[in-house]
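Asks: Right, I'll just put the structure down here and ask away after.
Each value in this text was obtained by applying a stated rule to the coordinates, not by laboratory testing. As the structure is a prediction and not an experimental result, all values here were calculated from the model. Positions of Cβ are backbone-derived with ideal geometry, glycine not excepted, and every protein chain shown enters the neighbour counts.
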Amino acid sequence: MTTVETANKILDTMLGHLGFTVTIEAEDTSDGPCLQIHSAESKAIIGNDGDRLDDLQYLVNRILRRYQPDAIRVKVDCGHFRSLQEDRLQEEILSAAERVKASGKPVQIRPLNAYYRRLVHNILAADAEVVSHSPGGDDRLKRITISAKQPSAS
């Protein structure tokens, strides 16, 4: 069984035990495989701001790695919630970067989980005028600071 098939079976079993009737469709995305959940109960599966979706994704990947230690990470989405969130986040980050460029003052964005923080850093990586920084620590949600890149001394 492939990684995606195994992850699909894990997710379907978990959701079945939780009492959800779903259809799961595997999609290839630029970030790798994604299991897209279709259900009449999408709101209950997604949770508040995607917290349940994050938990499902975490559990699917943890269980998957027990069976396939070298398995690639599988994304779990429901009703394209993550795609919409990522588009909104990109707009928010690009707007914050423009504010930093215009004012020269750092901007701190809302707390994000590791997945979304990585997206932010990737979005800003190509911008030569700003830099992003995450604080250290073990907190699940952290605020990224976007600041103007300091000119290098030659």
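Asks: Is at least one residue of the stretch 53-72 basic (Lys, Arg), over 24 Å from LEU18 (Cα atoms) and over 13 Å from the mean Cα position of the chain (by Cα)?
Replies: No, the stretch 53-72 contains no residue that is basic (Lys, Arg), over 24 Å from LEU18 (Cα atoms) and over 13 Å from the mean Cα position of the chain (by Cα).
Asks: Starting from the stretch 77-97, take each residue that is farther than 16 Å from ILE109 by Cα and list its partners that are part of a helix (DSSP H, G or I) and of a type in the set (Phe, Trp, Tyr), counting only C-beta distances under 9 angstrom and pairs at least six apart or across chains.
Replies: ARG82/TYR115
Asks: Separate question: Tell me which residues, restricted to the stretch 28-75, are loosely packed, with under 14 Cβ neighbours inside 10 Å, at positive phi and assigned to a helix (DSSP H, G or I).
Replies: Answer for the stretch 28-75, where residues must be loosely packed, with under 14 Cβ neighbours inside 10 Å, at positive phi and assigned to a helix (DSSP H, G or I): just ASP49.
Asks: Could you list, in sequence order, all residues of the stretch 5-21 that are of a type in the set (Asp, Glu) and part of a loop (DSSP other than H, G, I, E, B)?
Replies: Across the stretch 5-21, there are no qualifying residues.
Asks: Moving on. Considering only the stretch 122-154, state which residues are under 20 Å from GLN85 (Cα atoms), without any contact (Cβ under 8 Å) to a residue 24 or more places away in the chain and surrounded by fewer than 15 Cβ atoms within 10 Å (Cβ to Cβ).
Replies: Of everything in the stretch 122-154, those that are under 20 Å from GLN85 (Cα atoms), without any contact (Cβ under 8 Å) to a residue 24 or more places away in the chain and surrounded by fewer than 15 Cβ atoms within 10 Å (Cβ to Cβ) turn out to be ASN122, ALA125.
Asks: Residue check: is LEU94 closer than 30 Å to ASN8 by Cα and surrounded by 12 or more Cβ atoms within 10 Å (Cβ to Cβ)?
Replies: No: the conditions fail for LEU94.
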